[in-house]
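Presented below is the structure to which this report refers.
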């Protein structure tokens, strides 16, 4: 049975859902960068021909990243319910949704980081090493500064993906616009709510 809802009733729900989504995406983006950036750097420098070759570590990280990127997010979301409960104490709400959203996104950003570092001119790296610089000098004085435009583009792309992930988190009560669309729009056959969430 269709449930009608006036726009006066809908606006507060949309505002709360939007704020919840911004909260989820903002914190998840922060944690994704904090985890994905060093992981991507480590992937780059630990290659067989990298600055600090560690083939076994590189293979392990590469496998984790590839598996993380290939898993459907909705499957990951459900599989991480026990871990989310362990970390946050609950599986419901926007804060709980940050855990699976971050875990689902950081492998993607780690690979983007590795690809961004690949684009840096190796001549600059060799110049720093020839002047007595170490791996840390190369990372912070050459790799990251020169890859910054590509990294920023990668962050933008990741945020777009995080918005989609946060919507899917609504399936298990993750809050935000996705949860609003499912509970008030889909389950109650309310076209106004569905239209409002899509519009935002």
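The values are calculated or read from the model by the stated rules, or taken from the named source; none is laboratory data. All figures in this text were calculated on a predicted structure; none of them were measured in a lab. Note that each Cβ is placed from the backbone with ideal geometry, even for glycine, and that neighbours are counted across all protein chains shown.
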Odd one out for residue 38 among (1) assigned to a helix (DSSP H, G or I); (2) out of contact with any helix residue (DSSP H, G or I) (no Cβ under 8 Å at 6 or more places or on another chain); (3) at pLDDT below 95: (3)
Residue match in the stretch 150-163 (condition: surrounded by 15 or more Cβ atoms within 10 Å (Cβ to Cβ), part of a helix (DSSP H, G or I) and either in contact with a strand residue (DSSP E or B) (Cβ under 9 Å, 6 or more places away or on another chain) or at pLDDT below 85 (or both)): no
Matching residues, the stretch 68-87, being within 15 Å of the chain's Cα centre (by Cα) and either surrounded by fewer than 14 Cβ atoms within 10 Å (Cβ to Cβ) or closer than 26 Å to residue 143 by Cβ (or both): 68, 69, 70, 72
